[in-house]
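> Handing you a structure now.
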Amino acid sequence: MVSLRSDLATREHAVNRMVQRQQHRGPDDRGLHSDGPATLGMCRLAIIDPANGHQPMTSPDGRFTLVFNGAIYNYRALQTELALGGWNFRTNCDTEVLLAAYALHGAACLSRLRGMFAFAIWDAREQSLFAARDPLGIKPLYYARLPDSGIILASELNALLASGAVPREIDPTSAGEYLAWFSVPAPRTIYRGIANLPPGHQLTLDAAGRLKTGPWWQLPAPTRPDIATNYHDFIQGLRHQLDDSIRAHRVADVPVGAFLSGGMDSTAVVGLMTRSGATKLKTFSLIFGEAGFSEQASARLAAETFGTEHHEELLTGARVAADLPQLLASFDQPTGDGINTYYASQTARRGGVTVALSGLGGDELFGGYPSFRDLPRLQRLLPLWRRLPAGLRRNVVDQLRARPTVRARKLADFLAHARDLHELASLQRRVLPETVRLSLLAPEARAQAERLGPNHPMLEDFAFELIGADPFQVISAWELRTYMADVLLRDSDVFSMAHSLELRVPFVDRQLLEWLWPQRPWFKYDPRHPKRALADATADLVPAAIRNRRKQGFALPFAQWMLAELRPFLDETFSTTSLGACPWLQATEVQQVWTDYKTKRDPRAWSRVWTLAVLIAFANRRPAP
Amino acid sequence: MRIVLLSPELFLHEGGIARIMRLYLKALCEIAGPAGRVDSLVLNDHPGRDERLTRYTTAQFHEQVGCRRGKLRFIRETIRLGRRADVLVCGHLHQLAISQLARLFNPRLKYYLVAHGIEVWRPYSLIERRALLGAHRILCISEYTRRQMLRFFPALPPERLVVVPNTLDPYFAPALNDQVSKAPFATPHILTVSRLSSTDTYKGVDTLIEAMPLVRREFPLARLRVVGQGDDLPRLQALVQRLGVGFSVDFTGPLSDEALRAEYAICDLFALPSRKEGFGLVFLEAMTYGKACLGARAGGTPEVITDATGQLVEYGNIPDLAAAVADLVRHPRDSEVVRRHADTFAFPAFTRRLAAALA
């Protein structure tokens, strides 16, 4: 917190409250440091050099003070290099390496870091603050300006609210965005006045209180001369990169395990971990009583193949219903996803590991989603569609919108609004068709949603970043920049840290991505065999039964639970009393969604109903004491 | 250098494109050189010389052809004038295919496109794509427009797209007796200048009106002056009535240059929170009067408004808009800094940039 007008005691009190509110993120140590108008606080989950590395960490000359969340995987190499440059290391901790790297190289150090991070550094000499976030958004960083031109930052929104310096006011525009995307896309957050520093961005606050934010990393150029020229070389190169990433992500001085769902991605990660020397590896998966959801057999096959100590946790609707108060309390923002991560993390932490690796990111990098197959087809049809007379097109769109199915209405959104692949990629990730979303919003929020339109708020930024990219890169980037960054990674951070577990994602690795990105698209993706490249690169590890299995996803039997164990919660959530806390929603329309779900029992509608329910329940949360 | 300039309009109506094309005419006359010649062909204007033409021409200016919306005549004249020209500057994408046609009759002819804004932020037809590929250079009024063109037509060689930011009309500069700054504010007195067309609701005039109740909560005497005309006016007037802010919003209708200058001079800040400005010439006009500007963080606007000259808000975010007005009132921008920023877009700099792009 940097506040030019508040006194030291007020500031330290506020930061102490923030640290307390996110104690679960770091139960091993905590600290506070004040200098001039700045107070930095930290609670630490000790992973590397647990005995040392106390934060906030100040440079020997007293100029720089650092608070850092995450892990720098190449810290040993950097340490050697920085020591040669004259830095006298006091610890073997990545925190000190980051401090030294910034002290010696300033913001330029960012490009040399391999890892996941969000950090802030106070420069006592310049009286300025620098903060940055990792390239793909694994670790979060939220901030709000203070009325005195100061700033307050934290890894969780709940911590910012706990400071008492930021009002807890849900932004109706953000609520509208949430209904479109399953989450509130950065740089917005669900709260008015609080921003989410986007992935790969840095922030500077100077002594005069001027704030500047901007990207320090962007996706690589679409092509490069030194790429693989044949598939064999490509697969060999990919395997080398995967091995390298796994080695880097295993760096820790505490036990490291892995999530193992039994799908291609997590099996590949576990296989690569064992190949890189992990012994007595602990793996964790969720299983369900309901038929068709468990990947128990695949996970067991993988565990047996790699000889891991495998832990299974039975998850039932009754347990989720009983845990809902804790679950909702751990939410930082509403999300339509993430409950699986909450339980998998709980299982892993109880199973004795402090760090777990996950296969998150495999679908985005290797074309695991149907969007990689469907969107290029739609893109080819767009010019033909746009050549039809405008009246006819309007008619078709109106007819599709009049149909009751969400599929028809989503198609109507594509036809009405998409002009190129970026807009197709943007629209395909929407949860609710535009007409349905607008009907659920109260007039003020609806007017704002209509002004902003149905496309993703960052459409132009992403489209400009991808000029010259091929269709596979465009779709991959959209998946990386939207669903992965705003939903999967955000949920993974919040729900793993809720159990003091550090979740690492070796597929979401800058080095791997920068190598893979310019490679030929037909090497990376085959529409007949999604994720063929990953399967071929790990063919000696992943059992054929798993490589050849169709993608199942890490899904929960929510459709059933919502009509059984979770029904009382949902009935209460959709009640008039509960909806009173959501003046930006059109209560009767929202209640109709729940009534329709109960009567029509369309199992595919569950995520839309749940998304709404979470938003309402979130708005009804009471602040933690 | 023998140059032909194609424009949709120069003097018929007072639109943004017409205003900037007049400055292209003036700059091209200077660039053509002592032995050069400039012809102007205008699709919509009436035949004959408008009295204002002399302001924008020099001795190098030769022929002014107005086609009174006659497309066939426009095509014929383009071919005729193009035959004896070295350079053809095309002021609108819709006329680019005709420029390409003219080159069939004069293979030495190099043609250029002026890419303004919304008219090029879209997918292109086959004919447009071919014409774009044949253009020697594309003169984009902002980096934003340049990127939009590359987005919708990635096959365009990026080096052919050059940014030539719009400029201020030297004849619009404040007169000596204009009151160019007035601080601190008494009320805030907010000015907006825009076409009020039902097809251009993205300009955000409605959002400014919607922000007025919030602005007035803090500044009860705040006023909003809306300059412009169009078929969206009844909707905006109804909005004013519905919000009960009739006594703090004035619709002036269209104004003469002189009256508009007076509006710029007496306002406290200028606002146009538009979602799709290619550049936002009106911001520059306001800045020459030292007025802080409020725009949306969208389109080419962020290339014109800096922290030192105003504030950017999210398009359509009413509370943010009201907060930004309050912030600009509480922390007025230094009018001298604002004026100096406008100077960086002055006509001589524009002419130099254009000459370099045509070289």
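> Is there a residue being in contact with a Phe, Trp or Tyr (Cβ under 7 Å, 6 or more places away or on another chain) and within 26 Å of residue B:149 (Cβ to Cβ) anywhere in region B:312-326? Lay out the reasoning, then the answer.
Within region B:312-326, the first condition is being in contact with a Phe, Trp or Tyr (Cβ under 7 Å, 6 or more places away or on another chain), and the residues that meet it are none.
Within region B:312-326, not a single residue is in contact with a Phe, Trp or Tyr (Cβ under 7 Å, 6 or more places away or on another chain) and within 26 Å of residue B:149 (Cβ to Cβ).
> Something else about it: Could you identify the single residue in A:187, A:199 that is in a loop (DSSP other than H, G, I, E, B), without any contact (Cβ under 8 Å) to a residue 60 or more places away in the chain and within 20 Å of residue A:459 (Cβ to Cβ)?
After ruling out the rest, the residue left standing is A:187.
> As an exercise: evaluate residue A:459 against (1) modelled with pLDDT of 95 or more; (2) over 30 Å from residue A:314 (Cβ atoms) and give the number of the one condition it does not meet.
(1)
> Ok, one more. Among the residues of region B:311-342, how many are more than 24 Å from residue B:276 (Cα to Cα) and without any contact (Cβ under 8 Å) to a residue 12 or more places away in the chain?
Result for region B:311-342: 3.
> Say whether the condition of being under 21 Å from residue A:340 (Cα atoms), assigned to a helix (DSSP H, G or I), among the hydroxyl-bearing types (Ser, Thr, Tyr) and not assigned by TED's automatic domain parsing to the domain that holds residue A:325 is met by at least one residue in region A:603-623.
So in region A:603-623, the residues under 21 Å from residue A:340 (Cα atoms) come out as A:603-618.
So of that shortlist, the ones also assigned to a helix (DSSP H, G or I) come out as A:603-618.
Retained after the next criterion (residues that are among the hydroxyl-bearing types (Ser, Thr, Tyr)): A:607, A:611.
Subsequent filtering for residues that are not assigned by TED's automatic domain parsing to the domain that holds residue A:325 retains A:607, A:611.
Checking region A:603-623: at least one residue is under 21 Å from residue A:340 (Cα atoms), assigned to a helix (DSSP H, G or I), among the hydroxyl-bearing types (Ser, Thr, Tyr) and not assigned by TED's automatic domain parsing to the domain that holds residue A:325.
> Before we move on, is residue B:23 under 14 Å from residue B:85 (Cβ atoms), outside any loop (DSSP other than H, G, I, E, B) and touching a Ser or Thr at 6+ places or on another chain (Cβ under 9 Å)?
Spelling it out, it is not the case that residue B:23 is under 14 Å from residue B:85 (Cβ atoms), outside any loop (DSSP other than H, G, I, E, B) and touching a Ser or Thr at 6+ places or on another chain (Cβ under 9 Å).
> Is it true that residue A:429 is modelled with pLDDT under 90, of a type in the set (D, E, K, R) and within 20 Å of residue A:380 (Cα to Cα)?
For residue A:429, the condition - modelled with pLDDT under 90, of a type in the set (D, E, K, R) and within 20 Å of residue A:380 (Cα to Cα) - is not met.
> Hey, among the residues in region B:315-358 that are within 14 Å of another protein chain (Cβ to nearest Cβ), touching a strand residue (DSSP E or B) at 6+ places or on another chain (Cβ under 7 Å) and not in a helix (DSSP H, G or I), which one's modelled with the lowest pLDDT?
Among those residues, the one meeting the criterion is B:315.
> Here is a follow-up. Could you check residue B:296 against (1) at negative phi; (2) touching a helix residue (DSSP H, G or I) at 6+ places or on another chain (Cβ under 7 Å); (3) buried (at least 20 other Cβ atoms within 10 Å of the Cβ) and say which number it fails?
The number of the failed condition is (2).
> Give region B:53-67 a look and list any residue that's under 20 Å from residue B:18 (Cβ atoms), surrounded by 13 or more Cβ atoms within 10 Å (Cβ to Cβ) and out of contact with any Cys (no Cβ under 8 Å at 6 or more places or on another chain), or say none.
Of everything in region B:53-67, those that are under 20 Å from residue B:18 (Cβ atoms), surrounded by 13 or more Cβ atoms within 10 Å (Cβ to Cβ) and out of contact with any Cys (no Cβ under 8 Å at 6 or more places or on another chain) turn out to be B:53, B:55, B:63, B:64, B:65, B:66, B:67.
> State which residue is farthest from residue B:15 (Cα to Cα) when the search covers only region B:41-92 and only residues that are part of a helix (DSSP H, G or I) and among the aromatic types (Phe, Trp, Tyr). It would help to see each step written out before you state the result.
The first filter runs over region B:41-92 and keeps only residues part of a helix (DSSP H, G or I), leaving B:51-56, B:71-83.
Retained after the next criterion (residues that are among the aromatic types (Phe, Trp, Tyr)): B:56, B:74.
Working: B:56: 16, B:74: 20 Å.
My answer is B:74.
> Still on this structure, I have one more. When you scan region A:102-122, do you find a residue that is crowded, with 17+ Cβ neighbours inside 10 Å and free of Cβ contacts under 8 Å to residues at least 24 places away in the same chain, even just one?
Looking for residues that are crowded, with 17+ Cβ neighbours inside 10 Å and free of Cβ contacts under 8 Å to residues at least 24 places away in the same chain, one finds at least one in region A:102-122, hence yes.
> Take the conditions surrounded by 20 or more Cβ atoms within 10 Å (Cβ to Cβ), among the acidic types (Asp, Glu), over 20 Å from residue B:326 (Cα atoms) and away from chain A (no Cβ under 14 Å) and apply them to residue B:232. Does it pass?
Judged against the criteria, residue B:232 is a match.
> Same structure again: What about residue B:268, is it surrounded by 17 or more Cβ atoms within 10 Å (Cβ to Cβ), acidic (Asp, Glu) and in contact with an Asp or Glu (Cβ under 7 Å, 6 or more places away or on another chain)?
Spelling it out, it is not the case that residue B:268 is surrounded by 17 or more Cβ atoms within 10 Å (Cβ to Cβ), acidic (Asp, Glu) and in contact with an Asp or Glu (Cβ under 7 Å, 6 or more places away or on another chain).
> Can you give me the number of residues within region B:235-260 that are touching a residue at least 24 places away in the same chain (Cβ under 8 Å) and surrounded by fewer than 19 Cβ atoms within 10 Å (Cβ to Cβ)?
Counting residues in region B:235-260 that are touching a residue at least 24 places away in the same chain (Cβ under 8 Å) and surrounded by fewer than 19 Cβ atoms within 10 Å (Cβ to Cβ) gives 11.
> Looking only at residues in region A:533-547 that are in contact (Cβ under 8 Å) with a residue 12 or more places away in the chain and either not small (Gly, Ala, Ser) or not in a helix (DSSP H, G or I) (or both), which one is surrounded by the fewest Cβ atoms within 10 Å (Cβ to Cβ)?
A:543
> A further question follows. Could you pull out the residue among A:315, A:365 that is more than 17 Å from residue A:490 (Cβ to Cβ) and under 18 Å from the mean Cα position of the chain (by Cα)?
A:365
> Kindly check whether there is at least one residue in region B:258-276 that is within 14 Å of chain A (Cβ to nearest Cβ) and over 13 Å from residue B:192 (Cβ atoms).
Scanning region B:258-276, I find at least one residue that is within 14 Å of chain A (Cβ to nearest Cβ) and over 13 Å from residue B:192 (Cβ atoms), so the answer is yes.
> Among the residues of region A:168-184, how many are at pLDDT 90 or above and part of a loop (DSSP other than H, G, I, E, B)?
Result for region A:168-184: 5.
> Just for region B:200-215: of the residues that are within 12 Å of chain A (Cβ to nearest Cβ) and touching a strand residue (DSSP E or B) at 6+ places or on another chain (Cβ under 8 Å), which one is farthest from residue B:230 (Cα to Cα)?
Only one residue fits best here, namely B:204.
> Restricting to region A:293-315, and then to whatever is under 21 Å from residue A:341 (Cβ atoms) and in contact with a Pro (Cβ under 8 Å, 6 or more places away or on another chain), can you tell me which residue is surrounded by the fewest Cβ atoms within 10 Å (Cβ to Cβ)?
Of everything passing the filter in region A:293-315, A:293 is surrounded by the fewest Cβ atoms within 10 Å (Cβ to Cβ).
> Inspect all residues belonging to region A:316-323 and state whether any of them is closer than 19 Å to residue A:350 by Cα, buried (at least 18 other Cβ atoms within 10 Å of the Cβ) and assigned by TED's automatic domain parsing to the domain that holds residue A:255.
The first filter runs over region A:316-323 and keeps only residues closer than 19 Å to residue A:350 by Cα, leaving A:316, A:319-320, A:322-323.
With buried (at least 18 other Cβ atoms within 10 Å of the Cβ) added as a condition, the list becomes A:320.
Next, only the ones that are assigned by TED's automatic domain parsing to the domain that holds residue A:255 stay: A:320.
The answer is yes, given that some residue of region A:316-323 is closer than 19 Å to residue A:350 by Cα, buried (at least 18 other Cβ atoms within 10 Å of the Cβ) and assigned by TED's automatic domain parsing to the domain that holds residue A:255.
> Name the one entry in B:161, B:126 that is within 14 Å of chain A (Cβ to nearest Cβ) and within 30 Å of residue B:36 (Cα to Cα).
Sole residue among the options that is within 14 Å of chain A (Cβ to nearest Cβ) and within 30 Å of residue B:36 (Cα to Cα): B:161.
> Answer yes if at least one residue in region A:370-379 is of a type in the set (A, V, I, L, M) and over 22 Å from residue A:618 (Cα atoms), and no otherwise. Working first, answer last.
As a first pass, look at region A:370-379 and keep what is of a type in the set (A, V, I, L, M): A:375, A:378.
Filter once more, so that each one left must be over 22 Å from residue A:618 (Cα atoms): A:375, A:378.
Taking every residue of region A:370-379 in turn, at least one turns out to be of a type in the set (A, V, I, L, M) and over 22 Å from residue A:618 (Cα atoms).
> Could you say whether any residue in region A:230-240 is surrounded by fewer than 23 Cβ atoms within 10 Å (Cβ to Cβ), assigned to a loop (DSSP other than H, G, I, E, B) and hydrophobic (A, V, I, L, M, F, W, C)?
No - not one qualifying residue is present in region A:230-240.
The values are calculated or read from the model by the stated rules, or taken from the named source; none is laboratory data. These numbers come from a predicted model, not from an experiment. Every residue, glycine as well, gets a Cβ built from its backbone with ideal geometry; the counts of neighbours run over all protein chains shown.
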